[in-house]
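Comments concern the structure below.
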Amino acid sequence: MAIVKFSNEMKWGAATASYQIEGAVKEGGRGLSIWDTFSKTPGKVKNGDNGDIACDSYHRFEEDIEIMKDLGINSYRFSVAWSRIFPEGTGKVNKEGLDFYHKFVDKLLENGIEPMCTLYHWDLPQSLQDKGGWDNRETIEAFVNYAETMFKEFTGKIKFWITLNEPWCVSYLSNYLGLHAPGYTDLQLATSIAHNLLVAHGKAVIKFRELKIDGQIGYAPNVEWNEPYSNKQEDIDACTRAGAWFIEWFFDPVFKGSYPQFMVEWFGKKGVQLRIEDGDMEIIHQPIDFLGINYYTGSVGRFKENAGLFDHERVDAGYKKTDIGWNVYPEGFYKVLCYIHETYGQTPIYITENGACYNDEPIDRRVKDEGRIEYLQQHLVSLNRAIESGVNIKGYLTWSLLDNFEWAEGYSKRFGIVHVNYRTLERTKKDSFYWYKQTISNGWFQVNE
Ligand code: JSK
């Protein structure tokens, strides 16, 4: 038996997002978002699922906060639905929207839970998409206006702000791979959107500093670890490109003020041009107070000419897979955290998402999600190894508190430590909830050697 122990300073939490849990899409003055449109487009979301009801957390947030209190977390990451604050994306503020989030945040604070607010977690107001969405640079200004409104409204209550969740998903998954809203499949469009997102992030950070808001601001990219199948240079280079799509492409502009040249050239060979306006890179290159890292999985890969975007193919190396088909790859978590630390320095890191999809159902009101407990144990061992190796980790927030709407997978994929019955909306704490609760309470857990 080995004990894996964490500092008493460690923040422990859980994460969710507005469109995935709130429901109440036509209540409180909320405007349409691109996910309302996309989920109602036939064939886009498994089983034709949508976020109309989701976990009904818009009405049940007090119950959810009671669950958080029982869990013993001191940090909760949520996202604000932009179209609840500005139903048309800009213009008149919707007071009902602000009031909802005030009630929610006040309840968190009453229960000693620190709110960590994501401003953009994929649910762009449809009105802005109708004008070109993130490809239209006016959306950048709309985002800064929305961010400024939220900073001013919640100053003193919210101290941790995340500008963007997973800009890779917002740009490439949604506008090149076409799997998420709005569902385009255009590499140039996706690359221009990726750049505009980073400009929007930088401008929001500048506004945050100008307003002298008491708090910290960062962003939350998603990363994966791409391990070369062999030590052949072609395999190493292919995995470097595939990994840079998630890491360097979204980290270098923020931390170094420039795009990785080898990727600029690679995209150039694909006919893709960066559309950078004067001053953009200085705007993006604003110091941030913390870096959110979302990690789920990694893979082994190798060179294969003309395979995918980067002459790279994944190889099945026999790792266990979760119920969404992703490798369970805790070694990759350790490696990617050490790589980020070595490459980008000591900016404090919060793990803003880490978790696993296992679709265990309640039997006699108990959910025996052993796979998720094993996943969390293995990844917290990797996290502890990274901390022991000098990585500046400040907190860990598991994805997710609740089973919820998993985007194009709809409700078919369960990531929660709390089971949600989507017919009755009953919440059932899974075995992983109790394991995580004990780990948080102890500040350590035991692993079998
Ligand atoms: C989980 C990443 C934010 C929160 C959670 C999905 C994801 C993903 C999902 C990549 C992806 C699909 C599919 C096709 C082709 C090439 C959510 N995170 N979540 N995080 N990431 N891919 N290369 N790697 O619901 O809302 O790609 O992949």
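The values are calculated or read from the model by the stated rules, or taken from the named source; none is laboratory data. Just so we're clear, the structure is a prediction, and the values are computed from it rather than from any experiment. Note that we place each Cβ from the backbone using ideal geometry, even for glycine, and neighbour counts take in every protein chain shown. The protein model used for the area step is the full one, side chains on, heavy atoms only, and it has no ligands, DNA or RNA in it. Shrake-Rupley method; radii C 1.70, N 1.55, O 1.52, S 1.80 Å.
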**Message:** Under the rule of at least 5 residues apart or a separate chain, name every residue whose amide H is placed under 5 Å from the amide H of residue 22.
**Reply:** 55, 57
**Complete:** Sorted by chain and then number, the residues having a modelled amide H within less than 5 Å of the amide H of residue 300, at least 5 places away or on another chain, are 227, 315, 317
**Prompt:** For the range 282-289, what does the Karplus curve 6.51 cos²θ - 1.76 cosθ + 1.60, with θ = phi - 60°, yield as ³J(HN,Hα) per residue in whole Hz, taken in order and with x for Gly and Pro?
**Reply:** 5, 5, 5, 7, 7, x, 10, 7
**Asked** What percent does the relative contact order of the range 1-84 come to when contacts are Cα pairs within less than 8 Å and at least six residues apart?
**Response** 47
**Request:** Please arrange 209, 77 by accessible surface area, largest first, computed with a 1.4 Å probe and ligands excluded.
**Result:** 209, 77
**Message:** Suppose a student asked you for the relative contact order of the range 367-449, using Cα pairs under 8 Å spaced at least 6 residues apart; what percent would you report?
**Reply:** 30
**Fill in**
Counting sequence-distant residues (5 or more places) and residues on other chains, those with an amide H built under 5 Å from that of residue 122 are 165
**Message:** Under 16 Å between alpha carbons, and skipping anything fewer than 8 positions from residue 321 in its own chain: which lysines qualify?
**Reply:** 413
**Request:** Place the peptides 370-381, 197-208 in order of packing, highest mean first, counting for every residue the other Cβ atoms within 10 Å and averaging per peptide.
**Result:** 197-208, 370-381
**Prompt:** With labels modelled as points extended 7 Å from the Cα through the Cβ direction, what inter-label distance (nm, one decimal) is found for residue 306 paired with residue 276?
**Reply:** 3.2
**Fill in**
Expressed in square angstrom to the nearest 10, the accessible area of residue 239 with a 1.4 Å probe stands at 10
**Request:** Just check the range 270-333 against the gyration tensor rule for me: Cα atoms, a ≥ b ≥ c as the square roots of the eigenvalues, rounded for a/c under 1.5, and otherwise prolate or oblate depending on whether a/b exceeds b/c.
**Result:** oblate
**Message:** What's the ranking of 335-345, 21-31, 163-173 by average number of surrounding C-beta atoms within 10 Å, highest first?
**Reply:** 163-173, 21-31, 335-345
**Request:** Using only alpha carbon pairs under 8 Å that are at least six residues apart, calculate the relative contact order of the chain and give it in whole percent.
**Result:** 19
**Asked** To the nearest Å, what is the center-to-center distance of the range 184-253 and the range 346-383, using C-alpha atoms only?
**Response** 25
**Message:** Whole angstrom only: what separates the Cα centroid of the range 25-90 from the Cα centroid of the range 388-404?
**Reply:** 22
**Item:** Cα-based Rg and Dmax for the chain, where Dmax is the largest Cα-Cα distance (Å)
**Value:** 20.7, 62
**Karplus-derived 3J(HN,Hα), 6.51/-1.76/1.60, for each residue of the range 17-25, Hz, glycine and proline x** = 8, 3, 5, 7, 10, 5, x, 6, 5
